[in-house]
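Read-outs: derived from the displayed coordinates by stated rules, not from any lab. In this text the structure is predicted, and so the values were computed from the model without any measurement. With ideal geometry, Cβ positions are generated from the backbone for all residues, glycine too; neighbour counts draw on all protein chains shown.
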Amino acid sequence: MPSTAQPSAYAILEQKLGYSFRDASLCETALTHKSWMNETQETGRTDNERLEFLGDAVLALVTSDLLMKRFPDQPEGELSKARAAIVNEAGLAQVAEILSLGQWIFLGRGEEQAGGRQKRSLLANTFEALLGAIYLDGGFSAAFQVAEELFSSFIADVPAAASKDFKSRLQELAQARLQMAPTYSVLSEQGPDHAKTFEIAILIGDREYARAFGRSKKEAQQNAAERALAAMDGAGSA
C-alpha cells in the first residue's frame, strides 16, 4: 500500500499520467476506496466516490468533444454509440491497467482478499475519481490533456469498438441455433445512486448462459451478452 507520509509517493503514477498534482491529497483521495475508510475511520479524509461522480462527467465531456472532432459528419446517435463503446467498464479498466492503477489503491483487508485490485468495476471507478481529482487540481485543460492522451488509441479504434453490439449478435445467434430469444434479468443493484453497479443474468429458455456486472443496466447487459456469446461459441465448437 502506498505511503501517506511521502509527498512524492505518487511520482511513478504521475509520470504515467503525464500530470503532477499540486495538491497530493486530491490524488490520495481519488485512490481511497470506501472499504479502506470503513476499516480505518481516518479523520479528515474521505473516500473517492464524490471524485468518481465528477470524473464521470469530465470524461463524458472530453470523449464527446474528441469524437465530434474526429467524426464531424456523424449524427448524434452514432456518436452516442461510439462514446458508449469507449467509456464503459471494460475500457476504463483497460486504461487503469495501463497505469498499473491497482497497486496504488487504498483498500480494506476484505476487499483486498476478494481481489479488489483486479476488479474491473473498482479499477474503472478509481480511474474516474483520478480524472476528477486532476480536474479539481489543474482545471479542465489538464484533465482534457490527460484523457486525450490515454484515450487517443480508443478514439482511433471507434469504428471497430462501436460495432461490438453483443446483444444484437447474441439475439441473432440464439434465434438461429435455438429458435429462442435471450432474456435479461437484474440480479442485484449495489452502490449509491451516482455510482450504482448492476448484475445481469442472461437466460435462453430455462438455461442461464452468463451473468456480468456493469455501471448501468445497458452496460451490464452488453457485458453479459459478450460472455454468453463466448459460452455459445464454445458449446458450438465442442
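What to note about this one:
- A simple spin-label model places the labels of LYS81 and HIS194 3.2 nm from each other, with each point 7 Å out along Cα-to-Cβ.
- TYR184/GLN103 FRET efficiency (R0 45 Å; Cβ-Cβ; nearest 0.05): 0.80
- Each of PHE166, SER185, GLN118 was scored by the projection of its Cα onto the charge dipole of the stretch 98-238, and the greatest displacement toward the positive side belongs to SER185; charges sit on the C-beta of Lys, Arg, Asp and Glu.
- The alpha-carbon of LYS217 sits under 18 angstrom from the alpha-carbons of these aspartates and glutamates, leaving out residues fewer than 8 places away in its chain: ASP56, GLU89, ASP165, GLU189, ASP193, GLU199, GLU208, GLU226.
- Computed from Cα positions, the angle between helix 120-138 and the longest principal axis of the chain comes to roughly 40 degrees.
- Cα lying deepest toward the dipole's positive end in the stretch 11-162, options LEU131, TRP104, CYS27, charges on Cβ: TRP104
- With R₀ fixed at 41 Å, the C-beta to C-beta distance from GLN145 to GLU39 puts the FRET efficiency at about 0.70.
- Computed E for LYS218/GLU112 - FRET, C-beta separation, R0 25 angstrom, nearest 0.05: 0.25
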